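So the structure is just underneath, and the comments pick up after that.
The values are calculated or read from the model by the stated rules, or taken from the named source; none is laboratory data. All figures in this text were calculated on a predicted structure; none of them were measured in a lab. Counting neighbours? That spans all protein chains shown, and the Cβs are built from the backbone with ideal geometry, glycine included. Remember, those area values only see protein heavy atoms, side chains included, never the ligands or the DNA or RNA. Shrake-Rupley method; radii C 1.70, N 1.55, O 1.52, S 1.80 Å.
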Amino acid sequence: MTDAEKHALMANAIRALAMDAVQTAKSGHPGLPMGAADLATVLFTKHLRFDPKDPYWPDRDRFVLSAGHGSMLLYSLLYLLGYEDMTIEQLKQFRQLGSRTAGHPEYGYAAGIETTTGPLGQGLATAVGMALAERVLNARFGDDVVDHYTYVLASDGDLMEGISQEAIALAGHLRLNRLIVIFDDNRITIDGDIALSDSTDQVARFEASGWDAVRIDGHAPDQIDAALADARRNDRPTLIAARTIIGYGAPNKCGKAACHGSPLGAEEIAAARIGLNWPYEAFHIPPDILDAWRIAGLRSRAARKEWSARFDKLDAQRRGEFERRLTGEVPVALDKAIRALKEELAGSRPKVATRKASELALERVNAAIPDTIGGSADLTGSNNTRTSGLRAVAPGDYDGRFVHYGIREHGMAAAMNGMALHGGLIPYSGTFLTFSDYCRPAIRLSALMKQRVVYVMTHDSIGLGEDGPTHQPVEQLAALRAMPNLVVYRPADAVETAECWQLALHDRDRPSLLALTRQDLPALPLELSDENRCARGAYVVEPSSGEAAVSLFATGSEVAIALAAKQRLDELGHPARVISVPSFERFAAQNGSYRREILGTAPVRVGIEAAVRQGWDAIIGTDGIFVGMHDFGASAPYEALYSHFGITPERVVELALARLAPQPSS
């Protein structure tokens, strides 16, 4: 058997499994796996470094199927290569409840799935973060420990999404030469030929962004092999634009949108089997072909063992630090640092914006945890995310812990996902809270994949003032709180901010978002406590002097308003209590007894937040009073805005008194 014949048989195994699985599921995308089978066969049998028997080997190459709709390409490869949790039965259960083979690759479902993909463009942008993490850790630990590549298979759709430009521009600027993107250039989308909607010269586009880019025939193994070999020697990231035929092998539907997102049908599959010289029943891979794939799966075992031997010879401190980072466990120094900061804050009681308080906390955090890597979307001085001594990552110089992402919020958030997924780093970065909308698809993936990513969102309300309604978040807090597995924090002073950072960094299996003020806030009237009060999501800041008539619940900058309102209500003979609610999610997770204790029995409940009411009824009830925003903001100094929109102690007192007043009998 010639090499060409062997390649064809191995590639056709992918095509057959993809056809059969999609047909059995009665849904899916057979076109991409069939069209990209030659690309994948060369990549996985000759270039990608991995070991199915040790799938989480730290120095493995990463493969990201950005075109997640072609998931059967990845699932077929994992089965053929011998990944233990990807069995033929899993392929037969494609797209079925409880299977590892979801419609799009889902991180955590099976070894070999490096990231969740499906929302087009996300995989490519996530891979930029993986490639950056590899270079940053290489600068820290050296070639003996970290020395691998990140490969991406991307589709036309990935490159049309706006996030792709943010990602490729950042990667090109930073000269991430360990990033290799294979563009499955099949020129077909769901609607039809790509000419319906796009005429971009992708090679020229990538070259303009600082990449090396080449065109090849995606069905010519020698060209694929040579292009991948050249890319590994490049000093820039590489795009390999591989011209392919979608649905390759399907005689009547190949090259057409008909095979993009629908089963081929029994007749077309039968004809494809004849054309591909694949006379085997559904899901059957002949032993000689399966053996060839399993042997390919063993190709990097020697390299993995050599790496392990080198790693074992490292000095204990370097080896231990690398292992600790991969586990995600934060050093014990973090809690000591936060405790020391809280002691200082209890003594000085500073009146500072929580964005500045965040910087104070980060000074301690970054000194205690070498894993952190910060950044900002061109708002470094506003987000306060770069602490003293934090060197910036630069093209060719990756021995830094701060990334200038530029005005690329979406790409920034996705890159942080990639760094978290890679392991060894804890990414955080900042922008304005209103621009969380730009980040939202990537934040959603952080939550879905259970990744520790910290989003620092400053300028969290009308309190930012003169920049006006375009920059003043109103609905964002409610929208973010609605996202499963995302913890939103809105601290009320410097101590709460430090506590929220502590909680975010200890949370290994979910992302956190800190909503921080531009305006200064007074310190809460509390004594120093070893307890992290924010950990339970809500707590009493000031109890009532007697049986409470009013419970005032507030977050962030509005806690000070609640405290002022309490003082006036107390003077008027209506005892009030004030509860800070830094995290709705953490409070909702508490047991019933604690929730009842915090909610209290006061007949009047008031929620105070410079945002929309949505989400507050779980705390104040549907009949509770809400003092907040009911429309977009305006441009003015923040003091004038709070008065204009009625978010004041006086308004809180007025509404509470109206509710407390005896109601006339009907």
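A few notes on this one:
- Tally of residues being touching a residue at least 24 places away in the same chain (Cβ under 8 Å), within 22 Å of Glu499 (Cβ to Cβ) and basic (Lys, Arg) across the range 567-600: 2
- Out of Met483, Met457, one residue alone is more than 30 Å from Trp57 (Cα to Cα), assigned to a strand (DSSP E or B), in contact with a helix residue (DSSP H, G or I) (Cβ under 6 Å, 6 or more places away or on another chain) and of a type outside the set (Ser, Thr, Tyr). It is Met457.
- Leading residue by the ranking (surrounded by the fewest Cβ atoms within 10 Å (Cβ to Cβ)) among those in the range 283-308 that are among the charged types (D, E, K, R), farther than 23 Å from Ala16 by Cα and in contact (Cβ under 8 Å) with a residue 12 or more places away in the chain: Arg301
- Boolean, Leu503 is open to solvent by 10 Å² or more (accessible area, probe 1.4 Å), out of contact with any Lys or Arg (no Cβ under 7 Å at 6 or more places or on another chain) and assigned to a loop (DSSP other than H, G, I, E, B): no
- Those residues of the range 460-471 which are assigned to a loop (DSSP other than H, G, I, E, B) and open to solvent by less than 10 Å² (accessible area, probe 1.4 Å), in sequence order: Asp460, Ser461, Gly465, Gly468
- Residues (open to solvent by 20 Å² or more (accessible area, probe 1.4 Å), assigned to a loop (DSSP other than H, G, I, E, B) and over 21 Å from Asp3 (Cα atoms)) located in the range 216-254: Arg233, Asn234, Asp235, Arg236, Ile245, Pro251, Asn252, Lys253, Cys254
- Of the residues making up the range 627-638, at least one is surrounded by 15 or more Cβ atoms within 10 Å (Cβ to Cβ), in a strand (DSSP E or B) and either touching a residue at least 12 places away in the same chain (Cβ under 8 Å) or among the hydroxyl-bearing types (Ser, Thr, Tyr) (or both).
- The set of residues in the range 639-660 being open to solvent by less than 40 Å² (accessible area, probe 1.4 Å) and small (Gly, Ala, Ser) consists of Gly646, Ala656.
- Odd one out for Pro543 among (1) open to solvent by less than 40 Å² (accessible area, probe 1.4 Å); (2) more than 27 Å from the chain's Cα centre (by Cα): (1)
- Selection over the range 486-497 of residues that are closer than 14 Å to Ser583 by Cβ and either assigned to a strand (DSSP E or B) or of a type in the set (A, V, I, L, M, F, W, C) (or both) gives a count of 5.
- Residue in the range 195-211 that is of a type in the set (Gly, Ala, Ser), within 28 Å of Asn138 (Cβ to Cβ) and assigned to a helix (DSSP H, G or I) present: yes
- Only one entry in Thr189, Thr150 is open to solvent by less than 10 Å² (accessible area, probe 1.4 Å) and in contact (Cβ under 8 Å) with a residue 40 or more places away in the chain, namely Thr150.
- Once the range 255-280 is narrowed to residues that are of a type in the set (D, E, K, R) and in contact with a helix residue (DSSP H, G or I) (Cβ under 9 Å, 6 or more places away or on another chain), the residue that is surrounded by the fewest Cβ atoms within 10 Å (Cβ to Cβ) is Lys256.
- Residue check, Val550 crowded, with 21+ Cβ neighbours inside 10 Å, in contact (Cβ under 8 Å) with a residue 60 or more places away in the chain and over 25 Å from Ala361 (Cα atoms): yes
- Members of the range 317-368 found to be touching a Phe, Trp or Tyr at 6+ places or on another chain (Cβ under 9 Å), within 22 Å of Ala535 (Cβ to Cβ) and open to solvent by 10 Å² or more (accessible area, probe 1.4 Å), listed by number: Arg364
- Scanning the range 1-43 for residues that are in a loop (DSSP other than H, G, I, E, B) and more than 32 Å from the chain's Cα centre (by Cα) turns up Met1, Thr2.
- Per the listing Ala102, Ala110, the residue uniquely within 28 Å of Ala309 (Cα to Cα) and either open to solvent by 20 Å² or more (accessible area, probe 1.4 Å) or assigned to a loop (DSSP other than H, G, I, E, B) (or both) is Ala110.
- Breaking point among (1) among the hydrophobic types (A, V, I, L, M, F, W, C); (2) assigned to a loop (DSSP other than H, G, I, E, B); (3) within 22 Å of Pro30 (Cβ to Cβ), for Val146: (3)
- Arg452 being basic (Lys, Arg) and either more than 22 Å from Asn366 (Cβ to Cβ) or part of a helix (DSSP H, G or I) (or both): no
- Screening the candidates Thr434, Thr385 for the property of being touching a residue at least 12 places away in the same chain (Cβ under 8 Å), in a helix (DSSP H, G or I) and either surrounded by 24 or more Cβ atoms within 10 Å (Cβ to Cβ) or not basic (Lys, Arg) (or both) yields one hit, Thr434.
- Candidate set: the range 609-620, residues that are of a type outside the set (A, V, I, L, M, F, W, C) and touching a helix residue (DSSP H, G or I) at 6+ places or on another chain (Cβ under 9 Å); chosen: the one surrounded by the fewest Cβ atoms within 10 Å (Cβ to Cβ): Gln614
- The single condition among (1) within 30 Å of Pro525 (Cβ to Cβ); (2) among the charged types (D, E, K, R); (3) open to solvent by less than 30 Å² (accessible area, probe 1.4 Å) that Asp371 does not satisfy is (1).
- Qualifying residue in the range 526-536 (condition: closer than 18 Å to Arg577 by Cα, buried (at least 23 other Cβ atoms within 10 Å of the Cβ) and free of Cβ contacts under 8 Å to residues at least 60 places away in the same chain): yes
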